[in-house]
Amino acid sequence: MDTPHQESLLIDARDLGRRYPSAAGDVVALTGVSFRISRGEFVAVVGASGSGKSTLLHLLGGLDRPSSGELWVAGTNLAALSEQALTQWRARQIGFVFQFFQLLPTLTVLENVMLPMALLGEWPRSSHRSRALALLDQLGVSHTADRLPGTLSGGQQQRVAVARALANEPPLILADEPTGNLDSRNATTLLELLASLAAAGRSVILVTHERHHVPGVQRVLALSDGRLLPSDAT
Ligand SMILES: Nc1ncnc2c1ncn2[C@@H]1O[C@H](COP(=O)(O)OP(=O)(O)OP(=O)(O)O)[C@@H](O)[C@H]1O
């Protein structure tokens, strides 16, 4: 099988399937899902509850493995990686943003943003602090650097979470309902921020329940019962 090699191609998903075995029979969370995503695209994944959105995001981020099909991300066939190699790959290639922020509550904001750099171990240690501060500054929350996440507003915590997602300059940002805990003003600001990351060349994949158009989103992948709907049906 040919290896995807185009410069601009970031994700090549071929006939992906994910089944969860159960005593009552397998749950088919995804089946026959194929698509490609280029660098710099802002893509929304939509669908009803249980349609497979989170399952797909977990596969793309190397948090889970497909039961069938083939998945290439950033030139790597994820099936070829051991668990240990996958962890290192994830730290380098993926930035996650979650609905509930998932900042570590006992670390300061600055320490939360530095943590992925320490886990990856590829940036000079002496640069971690200044790199993290620069990211917090870009996101308008550098004044919170020495505080604990629990003392910040939801909007501030999500900005810190985005700074953390960007810590290792990954080409792919995966955001799972990132506006779910934000008021509409903070939600709009966050979506604009994600769109600007895509405009700057990262690929951003946003799982959302929003049925109406999300500003900045260039393409919609619509799931229904684990299948991708044809794009003209979205
Ligand atoms: N670990 C698991 N074990 C068994 N079944 C699972 C597991 N995770 C997900 N499923 C099932 O797979 C299907 C897809 O779930 P998934 O969480 O991907 O949907 P979703 O579209 O993200 O839903 P929601 O919008 O409610 O978060 C569902 O039927 C779900 O019950």
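The values are calculated or read from the model by the stated rules, or taken from the named source; none is laboratory data. From a predicted model like this one, the values you see are computed outputs, not experimental measurements. Glycine gets a Cβ as well: all are built from the backbone with ideal geometry, and neighbour counts include every protein chain shown.
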When residue 181 is evaluated against the numbered criteria (1) in contact with a Leu (Cβ under 9 Å, 6 or more places away or on another chain); (2) in a loop (DSSP other than H, G, I, E, B), which criterion, by number, is the only one it fails? (1)
Filter result for the condition that a residue is in contact (Cβ under 8 Å) with a residue 12 or more places away in the chain, closer than 18 Å to residue 43 by Cβ, within 16 Å of the ligand (Cβ to nearest atom) and part of a loop (DSSP other than H, G, I, E, B), over 220, 214: 214
So which pairs qualify, if the first residue must be in the range 159-181 and of a type in the set (S, T, N, Q), the second must be assigned to a loop (DSSP other than H, G, I, E, B) and within 16 Å of the ligand (Cβ to nearest atom), the Cβ gap must be under 6 Å, and the two must be at least 6 apart or on different chains? 181/99
Condition first: of a type in the set (Gly, Ala, Ser) and within 11 Å of the ligand (Cβ to nearest atom). Can you find one or more residues in the range 37-48 that meet it? yes
What do you reckon, is residue 133 outside any loop (DSSP other than H, G, I, E, B) and over 24 Å from residue 51 (Cβ atoms)? yes
Is there a residue in the range 63-82 that is within 9 Å of the ligand (Cβ to nearest atom) and without any contact (Cβ under 8 Å) to a residue 60 or more places away in the chain? yes
Would you check if residue 161 is among the small types (Gly, Ala, Ser) and in contact with a strand residue (DSSP E or B) (Cβ under 7 Å, 6 or more places away or on another chain)? yes
Of (1) part of a loop (DSSP other than H, G, I, E, B); (2) out of contact with any Leu (no Cβ under 6 Å at 6 or more places or on another chain), residue 87 fails just (1)
Just one listed residue, out of 166, 103, 174, 107, is surrounded by fewer than 18 Cβ atoms within 10 Å (Cβ to Cβ) and at pLDDT 95 or above, and it is 107
Residue match in the range 126-134 (condition: buried (at least 21 other Cβ atoms within 10 Å of the Cβ), away from the ligand (no atom under 16 Å from the Cβ) and touching a residue at least 12 places away in the same chain (Cβ under 8 Å)): yes
Filter the range 197-211 for residues that are away from the ligand (no atom under 16 Å from the Cβ) and among the hydrophobic types (A, V, I, L, M, F, W, C) and give the result. 197, 198, 199, 200, 204
Could you tell me whether residue 109 is away from the ligand (no atom under 16 Å from the Cβ) and under 30 Å from residue 135 (Cα atoms)? yes
Considering only residues that are within 16 Å of the ligand (Cβ to nearest atom) and in contact with a Phe, Trp or Tyr (Cβ under 9 Å, 6 or more places away or on another chain), look in the range 145-196 and name the one that is farthest from residue 44 (Cα to Cα). 181
I need every pair where a residue in the range 14-27 that is on the phi > 0 side of the Ramachandran plot and more than 9 Å from the ligand (Cβ to nearest atom) has its Cβ under 8 Å from the Cβ of a residue that is assigned to a strand (DSSP E or B) and of a type outside the set (A, V, I, L, M, F, W, C), sequence separation at least 6 or different chains. 15/32; 15/34; 15/68; 15/69; 15/70
Which residue, of 38, 49, is more than 23 Å from residue 198 (Cα to Cα) and of a type in the set (Ser, Thr, Tyr)? 49
